[in-house]
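Taking it in order: structure first as structure tokens, then the write-up.
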Amino acid sequence: NEIYEIKYLDGTIKTTADHSIFIRTHGWIKAVRADELKPGDLLVGLPMNTRRWDYELKKTIHKLTDHNFDTKEIKSLNFLDGEEITRNRKLVKINLPEKIVVTPGLLKLLGLYTAEGREEGRLEFVFGKDEKDLHKETVVLMEEVFGVTSPKIEDTKDNSTKITYYSAHLGRFFERQCGTGSHNKHLPNI
């Protein structure tokens, strides 16, 4: 029932306690709940300058880290991985694909889910009510990547907007890739 206000150099983020916020640690990134942030925690900004000790050169090596999309090898994920019973049924209702190609759009959706999503027998993204660009981008990416349209979009009384896809298959796919819950979600190892 509480809204946390997180101030940073470029503005302010308002969120509920259970949302994951990514902070910098000693040369790495860690997800913490909004209500676990402490004064002095640094929010992640990418690309991120990381450092490590090089034992051969006997000095600290600095490197800017961001995600490098390897276009030579196109990876894909099995949509129904491990769901043999579901695999034998037809997914006619929303015509979901067997394989999902790993694209920047899919990676963005997985990141949005890790920060703002949940699986509860369906797939749900919860953003701030004023984050209209994220609402639109999520809907567009879901259509591009999964071919699904017409989610239920609902403004709530706590100033958030829920974007819901009523598909247990979609919810389980995101949960398999990124986990669920504030403490267990993570970016996938793709």
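In the stretch 148-179, how many are part of a loop (DSSP other than H, G, I, E, B) and open to solvent by less than 50 Å² (accessible area, probe 1.4 Å)?
Selection size over the stretch 148-179: 5.
Return the pair list, or none, for Cβ contacts closer than 6 Å from residues in the stretch 118-134 that are farther than 17 Å from residue 170 by Cβ to residues that are open to solvent by 60 Å² or more (accessible area, probe 1.4 Å) and not in a strand (DSSP E or B), at least 6 apart or on different chains.
129/159
Please verify whether residue 136 is among the basic types (Lys, Arg), part of a helix (DSSP H, G or I) and modelled with pLDDT of 90 or more, treating the condition exactly as stated.
In short, yes.
Check residue 113 against each of (1) surrounded by fewer than 18 Cβ atoms within 10 Å (Cβ to Cβ); (2) touching a residue at least 40 places away in the same chain (Cβ under 8 Å) and name the one condition it does not meet.
For residue 113, the exception is condition (1).
The values are calculated or read from the model by the stated rules, or taken from the named source; none is laboratory data. The shown structure was predicted, so the numbers you read here are calculated from the model rather than taken from an experiment. Glycine gets a Cβ as well: all are built from the backbone with ideal geometry, and neighbour counts include every protein chain shown. Areas reflect the complete protein model, heavy atoms only, side chains present, ligands, DNA and RNA absent. Shrake-Rupley method; radii C 1.70, N 1.55, O 1.52, S 1.80 Å.
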